[in-house]
Amino acid sequence: MQQVAEEFTKKKNELKSAKRAAEQLKVPLSCFYKYLKGEDLPGVEVLKRAQDIWKIKWDLVDPSEMLRRKTPVSAEQLLLPLIRSVREEDVEIIEVAAGRDSCLRVMIKIRFPVEVQK
């Protein structure tokens, strides 16, 4: 989350306007300020938009930071950085079965190294 805030702050300074940056990301200004302060993490769509428009790489986002947060995060906020941090050796396929609507249901176990703060 700190890196999101840093990247968004850089872009705000380049554009010389938080309002303009928020408009480019198609988010309310109040949300953009929360991202800058590290109070909230943008959803996947916003992160993707920032990546496409501003050429920001999000593989540096630390997923363990989101897991330690006291405030809840949505599944989409958590998934993008977590998926990028998964190594093949940390994935175990538990079950594969036919699901509804011609979909495949896959149950997996993923080990994420997370530092526990005391």
Exercise. Which order results if CYS31, CYS103 are arranged by neighbouring Cβ count within 10 Å, fewest first?
Worked result: CYS103, CYS31
For this session: Tell me the label-point distance for the pair CYS103, TYR33, using the 7 Å Cα-to-Cβ offset, in nm and rounded to one decimal.
Result: 3.9
Exercise. Among LYS16/LYS48; LYS10/LYS109; LYS11/LYS34; LYS37/LYS109; LYS11/LYS37, which pairs are too far apart, with a Cα-Cα distance over 25 Å?
Worked result: LYS10/LYS109; LYS37/LYS109
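Just so you know, all these numbers are worked out from the coordinates, no wet-lab data involved. None of the values given here were measured: they were computed from a predicted structure. Here the Cβ is made from the backbone with ideal geometry for all residues, glycine too, and neighbour counts use every protein chain on show.
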